[in-house]
1. Between residue B:124 and residue B:175, what FRET efficiency follows from the Cβ-Cβ distance if R0 is 35 Å, with the result rounded to 0.05?
2. Let me check I have the definition right: for chain B, take the eigenvalues of the Cα gyration tensor, multiply each by 5, take square roots. What are those semi-axes in whole Å, largest first?
3. Roughly how tilted is helix A:58-88, in degrees to the nearest 10 and between 0 and 90, from the longest Cα axis of chain A?
4. I'd like the orientation of helix B:153-175 relative to chain B: the angle between its Cα long axis and the longest Cα principal axis, in ° from 0 to 90, rounded to 10.
5. How many angstrom lie between the Cα centre of segment A:47-63 and the Cα centre of segment B:20-83?
6. Does anyone have the angle between helix B:140-150 and the longest principal axis of chain B? Alpha-carbon axes, 0 to 90°, nearest 10?
7. What average count of beta carbons from other chains do you get within 10 Å of the Cβ of residues in B:11-22?
8. Looking at the P(r) of the protein assembly as shown, how many percent of alpha-carbon pairs lie beyond 25 Å?
Amino acid sequence: MMLKHILVLSAYLFSIGIYGLITSRNMVRALMCLELILNAVNINFVTFSDFFDSRQLKGNIFSIFVIAIAAAEAAIGSAIVSSIYRNRKSTRINQSTLLNK
Amino acid sequence: MDLPGPIHDFLLVFLGSGLILGGLGVVLLTNPIYSAFSLGLVLVCISLFYILSNSHFVAAAQLLIYVGAINVLILFAVMFMNGSEYYKDFNLWTIGNGLTSLVCTSILVSLITTILDTSWYGIIWTTRSNQIIEQDLISNSQQIGIHLATDFFFPFEFISIILLVALIGAIAMARQ
């Protein structure tokens with residue numbers, strides 16, 4: 001019963017993250033929703049590792065790698081956003097003709 | 001964690017409601033600084049979830065890296081952008097928003113029906129009989145350390161190279 005509730009919570013976070021990622025007009029908000037998606041997946045990994053794999057903790061170790069990759073991606077994403085802002089003076093996503101000039 | 005039943009349930013309900021409200025706050029709040037702070041609330045609630053699931057190392061890593069580094073980085077990125085253009089941005093409900101909410105609700109409903117239809121008792125029973133039940137002589141962090149140093153040695157070294165390359169790339173891009 002405990003497992004089901006935590007999995008439903010992580011499914012909810014995942015779908016909220018996908019909705020926010022697609023419908024956000026602000027690039028930094030899209031980065032935040034991407035972090036929500038990655039955290040939902042991490043909750044799943046850690047919960048399964050706690051319930052099924054208490055000896056080897058493979059889910060825990062994989063979630064550590066996911067956290068590290070998310071850190072690298074957040075750094076690169078914010079560098080991209082700041083250089084786009086420096087060039088264009090606005091961060092709206094629907095200006096998708098950025099490669100045009 | 002070995003808490004008595006009602007306290008465990010109460011903590012789960014508390015953290016779950018924090019997660020639900022924080023997730024809604026990230027997506028629906030118009031001011032981006034408010035949504036960055038509610039993302040911080042979500043990350044702290046997830047870290048407390050990990051403590052309840054006996055994963056103390058991942059909880060500490062989540063607090064340090066996600067809340068301490070990534071959330072601060074996102075706050076810097078938010079404050080770096082010009083704030084005056086966001087108040088004109090009232091959330092206009094377009095057709096794309098409605099279609100996306102339909103798709104996301106269908107994803108959520110299909111996931112929830114899959115979760116509630118799986119017989120977790122059968123899976124727990126078969127995997128519990130496969131594990132050798134021994135005493136908890138080693139703590140959670142020590143087990144993770146042992147596995148990272150022996151079984152997962154190559155991914156561990158490789159991810160340090162990935163972090164180095166990502167950092168150099170981010171600095172090179174943000175510098176000009």
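1. 0.10
2. That gives 35, 27, 17 Å for the three semi-axes.
3. It works out to around 10 degrees.
4. The answer is roughly 10 degrees.
5. Cα centroid of segment A:47-63 versus Cα centroid of segment B:20-83: 23 Å apart.
6. 90 degrees
7. 2
8. Beyond 25 Å sits 51 percent of the P(r) for the protein assembly as shown.
Values quoted throughout were computed directly from the atomic coordinates according to the rules given, and no laboratory measurement underlies them. It should be emphasised that the depicted structure is a prediction, and the values quoted were computed from it without experimental measurement. Every residue, glycine among them, receives a Cβ derived from its backbone with ideal geometry; neighbour counts consider all protein chains shown.
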